[in-house]
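The values are calculated or read from the model by the stated rules, or taken from the named source; none is laboratory data. Fair warning: this is a prediction, and the values are worked out from it, not measured in the lab. Don't worry about glycine lacking a Cβ; one is built from the backbone with ideal geometry, like all the others, and counts go over all protein chains shown.
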Amino acid sequence: MLTNDENLRTDAGLASALRVSLARLNRRLRRQASQHALTPTQLATLSAVERRPAVTPGELAELEKVQPPSMTRVIAKLEERGLLERRPHPTDRRQVTITVTPKGAALLQEERRAKEAWLAQRLAELTPEEKEILRSAAPILEKLSRM
């Protein structure tokens, strides 16, 4: 069996280590959520609508890789809470577009602030050298996330 350092020398070993580490970090960040009681799917949907204002439910379902009926239910829950609103489509009367309400935008901002505060505390515990490595790795991780 390869040691951790030896395993990281292969692409497969690096992929495995990144997968595990990023999944753990993601779980820890999700636990830092504010007290809004949204599901991860609802939060992801709200965030996706913020990134793409005036998106249709069908486009949103495709973006989030879920079936349209499932997305309709998620949108309805978020709309009930006053976080999203439906508006008439500007060119197609048969459709609606979805936008984030000010309440939804405030919730997302609060959510991000809580997670970033937790992460900033963890970063403060690292050495300057470790922080510099992360600064160098951040653009690479972003590139991987968009491939």
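Every residue, every condition in (1) touching a Lys or Arg at 6+ places or on another chain (Cβ under 7 Å); (2) at pLDDT below 90; (3) assigned to a helix (DSSP H, G or I), yes or no:
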residue: LEU2; (1), (2), (3): no, yes, no
residue: GLU6; (1), (2), (3): no, yes, yes
residue: GLN35; (1), (2), (3): no, yes, no
residue: GLN42; (1), (2), (3): yes, no, yes
residue: ALA48; (1), (2), (3): no, no, yes
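How many of the residues in region 73-104 are part of a helix (DSSP H, G or I) and either exposed (fewer than 15 other Cβ atoms within 10 Å of the Cβ) or touching a residue at least 60 places away in the same chain (Cβ under 8 Å) (or both)?
5
Looking at region 110-147 only, could you name the residues that are exposed (fewer than 10 other Cβ atoms within 10 Å of the Cβ) and within 14 Å of the chain's Cα centre (by Cα)?
GLU142, SER145, ARG146
Report yes if some residue within region 96-104 is over 20 Å from the mean Cα position of the chain (by Cα), more than 28 Å from ALA120 (Cβ to Cβ) and not polar (S, T, N, Q); otherwise report no.
yes
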